[in-house]
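Accompanying notes for the structure given below.
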Amino acid sequence: MPEYPESVLTESRKGKTEVRALASKGEFIMCEYLDPESLEQTEKKKKLILKREDGETEEYFIIPMKQKGRDLLITPKEKSGEYIFWNKTEEKIEEL
């Protein structure tokens, strides 16, 4: 068995040693849903879009659970495929 640095080894709930390995890396965008008049959040859910180095994207909705500090990640039924957002800080359109 190869040697791994202690910093990448972790223990599963079952007590088995595992190697924490990089699956992919890239950019991300987190978007929220706002009322167009007030710019107040309309829903507590957010959308996380990951763009890997190979250009492929993954989408997840982040839904807050009733239990504080816990969120549920779910994949949408269909990818939107078009990633255009309003940057409220810089007041301009952004694309992924």
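The values are calculated or read from the model by the stated rules, or taken from the named source; none is laboratory data. As the structure is a computational prediction, the values presented were derived from the model and not from experiment. All Cβ positions, even for glycine, are placed from backbone atoms using ideal geometry, and neighbour counts span all protein chains on display. Surface areas here come from the heavy atoms of the whole protein model, side chains and all, with no ligands, DNA or RNA. Shrake-Rupley method; radii C 1.70, N 1.55, O 1.52, S 1.80 Å.
Could you please let me know if E53 is on the phi < 0 side of the Ramachandran plot and at pLDDT below 90? No; evaluated as a whole, the condition is false for this residue. Scanning the range 68-96 for residues that are part of a loop (DSSP other than H, G, I, E, B), open to solvent by less than 100 Å² (accessible area, probe 1.4 Å) and out of contact with any Ser or Thr (no Cβ under 9 Å at 6 or more places or on another chain) yields G69, T75, P76, S80, K88.
Cβ-Cβ contacts under 7 Å between residues 6 or more apart (or on different chains), taken from a first residue in the range 37-54 that is touching a residue at least 60 places away in the same chain (Cβ under 8 Å) to a second residue that is of a type in the set (D, E, K, R) and loosely packed, with under 13 Cβ neighbours inside 10 Å, are absent. When the residues of the range 63-89 are narrowed to those that are within 17 Å of E27 (Cβ to Cβ) and of a type outside the set (S, T, Y), which ends up nearest to the chain's Cα centre (by Cα)? Top of the filtered list is K79.
The C-beta contact set for the range 5-31 (first residue within 26 Å of T57 (Cβ to Cβ), second residue surrounded by 10 or more Cβ atoms within 10 Å (Cβ to Cβ) and acidic (D, E), distance under 6 angstrom, 6+ apart or interchain) is empty.
Does at least one position in the range 46-68 carry a residue that is touching a helix residue (DSSP H, G or I) at 6+ places or on another chain (Cβ under 6 Å) and under 30 Å from E3 (Cβ atoms)? No, the range 46-68 contains no residue that is touching a helix residue (DSSP H, G or I) at 6+ places or on another chain (Cβ under 6 Å) and under 30 Å from E3 (Cβ atoms). Note on the range 1-67: enclosed strands (runs of 3 or more DSSP E) holding 2 or more residues that are open to solvent by 80 Å² or more (accessible area, probe 1.4 Å) are 17-19, 26-34, 41-52.
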